[in-house]
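Below is one structure; the comments refer to it alone.
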Amino acid sequence: MDPDDVSVREQIFHNRVRESIICTLLFTCLYIVSYTIITRFKKSADFATDDSEDATVNRIALWLCTFTLAVSVGAVLLLPFSILSNEILLCFPQNYYIQWLNGSLIHGLWNLVFLFSNLSLVFLMPFAYFFTESEGFAGSKKGVMARVYETSVVLLLLTLLVLGIVWVASAIMDNNAASRESLYDLWDYYLPYLYSCISLFGVLLLLLCTPFGLSRMFSVTGQLLVKPRLLEDLDETLDCVGFEETALSRKLSGNTSCWINLNVEALKQQFLAIQARRIALEMRRRASPWQRNLGYPLAMLLLLALTGVSVLIVCFHVLELLIDEAAMPRGMEDPGLGKASFSVFGSFGAAVQVVLIFYLMVSSVVGFYSSPLFIKLLPRKQDTAMTKIIGNCVSLLVLSSALPVFSRTLGITRFDLLGDFGRFNWLGNFYIVFLYNVLFAGLTTMCLVNKFTWAVQAELIRAFGLHKLPLPVSRARNSTKLISASGLLKVQ
């Protein structure tokens, strides 16, 4: 055998071992972080029950959810990591310590994320849900294995049902013998086709949640930061809240003669709300002038700048789609890292792309949990049932796995999709991509205009004390709606 061939094979083997070790270390870190996050929200009573069988089932479901959440975090980091790796290789092309960072590693990470996303969505999460809800077949011996058998049968039937639906849908949309025969190939066609449908659903979900989340980000940030005082007398407001808290405390302790006619539970809820408001006001009074008068405006300006840049990029991409066919999202086999920057502004533009990708992901999550359809999925600290954790993991995986396609479709980045991410059928349809960009820009602009219109009115009403005037019922309801829209009732 030729010594050169032996050395080449050894080099390939060493590279694969090194990439496997790097991928294992990265996934282990993501798994630990995901496990820490889930344990902060899980209901401890589900894992400390007297029934060891239920505790074991919940523990197995927790491991599967942790795996799924780790894949979700990996899907979010996939595109930013690829962009930053390209810029690092451009800046340090001959550095010995970053030779492990190459196109083969990046391509392998994309393939692994695609594989684990399919595995989690199609098998692991349905198995975890049916496993927690199963009790074993009637007449069979109770135990964990009986639940495993029942879950496996139900999952098999569900798989056959979904396979049949996808086969029929593909035959209707592409009625030829080649397409129908290709569906018999489960690995090369069925799973990528199913994931393409799931990805399309995730991209559509991002289209609805992200514009709403971009407008909600201002309210959420306002709740976390100390707002400027404007024309409000903070000491007077704090005294009034203190009097209200004292009066409610006396009613709850039974020191008044009218406590019999009052709803005790409603009084407790009102007392807790007044107490939280007093604590927030005390924090505002203790805040430094820099934190109170500079932090909030800077945060609002930063959010406004990020949102404005995102909308401008999408608008520019709409024009680019009309004149340049290369603007269409497509897949590539060789990433070609270290050859050229994926931004016309170099490393600075690549950094802006990474920041925008994270910002859009956070906004989509905020919009998802703020929407009326999914607000019930919002997890609570140490009080989230196992089925709700499974629902949250599935939702986050659908959103995060669609993020690379979402970012490339909107033109946020020029980094083309790697692996099976670029094999989605609908990516090559000009009308779908063009309409998607137009809808995103229009919905985002509409949500922001509506948000700032209500917020400015609410701030003016509260700043000038008009909310304290004895207004008619209809006007009072409108004023309350305005104040609630800007999040002031929760912050003050």
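The values are calculated or read from the model by the stated rules, or taken from the named source; none is laboratory data. Note that the structure is a prediction, hence the values are computed from the model and not measured. Please note: Cβ atoms are built from the backbone with ideal geometry, for glycine as well, and neighbour counts cover all protein chains shown. Each accessible area value is taken on the protein alone, full model and side chains, heavy atoms only, with ligands, DNA and RNA left out. Shrake-Rupley method; radii C 1.70, N 1.55, O 1.52, S 1.80 Å.
For LEU161 and LYS376, a Förster radius of 22 Å and the Cβ-Cβ distance give a FRET efficiency of 0.25, rounded to the nearest 0.05. With 0.36 nm allotted per residue and the present C-alpha distance subtracted, the ASP54-LEU224 stretch has 57.4 nm of extension available. One compactness figure for region 17-112 is 1.45, namely its Cα radius of gyration divided by 2.2 N^0.38 Å. When all protein chains stay in place and ligands, DNA and RNA are ignored, the 1.4 Å accessible-area order of TYR436, TYR296, largest first, is TYR296, TYR436. Going by accessible surface with a 1.4 Å probe and the largest first, LYS43, LYS142, LYS268, LYS451 read LYS142, LYS268, LYS43, LYS451. Each residue was assigned an accessible area with a 1.4 Å probe, and for TRP63 the value is about 130 Å². One chain, two ends: TYR431 and THR445. Fully extended at 0.36 nm per residue, the span grows by 2.9 nm beyond their Cα-Cα distance. Annotation for region 139-153 versus region 15-93: alpha-carbon center distance of 28 Å. Rounded to 0.05, the FRET efficiency of the CYS315 and GLU133 pair, given R0 = 56 Å and the Cβ-Cβ distance, is 0.75. Counting 0.36 nm for each residue step from GLU10 to VAL153 and taking away their Cα separation leaves a gain of 47.0 nm. With R₀ fixed at 56 Å, the C-beta to C-beta distance from THR246 to TYR96 puts the FRET efficiency at about 0.20.
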